[in-house]
Ligand code: UT7
């Protein structure tokens, strides 16, 4: 049976570096607290002129160049984002227009930090279904627009970035995207949300005054669920693939907090080196996090042809999931 493979990846982060020290000038925090509690040292913030699509456009161009493909060859564009340019039109259509992917139909997916893995699964099944042959999957976020500078628990965590992957069909069996497992639990949605600005509480002076257009998070609760659910997803997906966690050459977990990553790594009894970490540079970039990390891991030589790679993520919803790839490039 043919496989769905990653033909190319790309990522883009805005130029502006914001250090923990910089944040300590605007909120009551310090580098020592942020570094030890999260592992984050700095993050990137987009300029006022840049929106999520602008970051996604650059990542998309890089992924297409990496795949040696032209945008006209794309059949669809899926964008995972929770900080898209506008309520509508979707961010995917903006990326389509900019890169000239005229044959592609475009859709955004909302699954917060898990969005990229959810979009990968959807894209894989679309290609498997036979109607599409090449799909661009993008994770693009301008999280800096959702931060509450009066909430030091959360404003220090997030950053802006985008990553993209081109998925295509390969004749080679049992390679590329091997297996995915996704899950959601809507009963816990209130623990992590942006409650205002949608149809539940449309934008108003009250919404602005209550900071409801910003991220609200019960950090400790989210932390616990992230560790438990990503660990379980990793174990379940290994079992589904007939693999042991030792068989995975490189883990690419959602980059939220290095303490979450270490807790998962210990539960899976894996060495630290197998877990790719770049959150010290970018913070939590939500749907962009996993694909930016995958792109950096590949480009830095951490992932080699034939390696089994696990992506895992957890986010608002709650949503979470994992997938295993056999790296073909
Ligand atoms: O993408 C998926 C969603 N997000 C996540 O996965 C994030 C999950 N949660 C976390 O990463 C962590 O819970 C946080 C980093 C948000 C918080 O770390 P924590 O170890 O759970 O700290 P805490 O909330 O228990 O707070 C400990 C102390 C508190 O002071 P007291 O009450 O002990 O005196 C906070 O007020 O740290 C204080 N604190 C801060 N101090 C300096 C909270 N934020 C800050 C800050 N700077 N930025």
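The values are calculated or read from the model by the stated rules, or taken from the named source; none is laboratory data. Remember, it's a predicted structure, so these values are computed and weren't measured experimentally. Quick reminder, even Gly has a Cβ in these numbers, built from the backbone with ideal geometry, and neighbours come from all protein chains shown.
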*Could you check, for the stretch 293-315, whether at least one of its residues is at pLDDT below 95 and in contact with a helix residue (DSSP H, G or I) (Cβ under 9 Å, 6 or more places away or on another chain)?*
no
*Is it true that some residue in the stretch 100-109 is within 15 Å of the chain's Cα centre (by Cα) and outside any helix (DSSP H, G or I)?*
yes
_strands (runs of 3 or more DSSP E) completely within the stretch 1-97 that count 2 or more residues being under 30 Å from residue 130 (Cβ atoms)_ = 3-12, 76-80
*Name the residues in the stretch 189-213 that are within 16 Å of the ligand (Cβ to nearest atom), without any contact (Cβ under 8 Å) to a residue 60 or more places away in the chain and assigned to a loop (DSSP other than H, G, I, E, B), would you?*
195
*Selection status of residue 44, closer than 25 Å to residue 222 by Cα, touching a helix residue (DSSP H, G or I) at 6+ places or on another chain (Cβ under 8 Å) and either within 16 Å of the ligand (Cβ to nearest atom) or modelled with pLDDT under 95 (or both)*: no
*Would you be able to tell me the number of residues in the stretch 217-235 that are over 23 Å from residue 323 (Cα atoms) and in contact (Cβ under 8 Å) with a residue 60 or more places away in the chain?*
2
_Among the candidates 46, 52, 65, 76, residue that is touching a strand residue (DSSP E or B) at 6+ places or on another chain (Cβ under 6 Å) and over 30 Å from residue 21 (Cβ atoms)_ = 76
_So residue 306 passes all but one of these: (1) on the phi > 0 side of the Ramachandran plot; (2) more than 14 Å from the ligand (Cβ to nearest atom); (3) in contact with a strand residue (DSSP E or B) (Cβ under 6 Å, 6 or more places away or on another chain). Which condition number does it fail?_
(3)
*May I ask you to verify whether residue 112 is touching a residue at least 60 places away in the same chain (Cβ under 8 Å) and either within 15 Å of the ligand (Cβ to nearest atom) or more than 29 Å from residue 329 (Cβ to Cβ) (or both)?*
yes
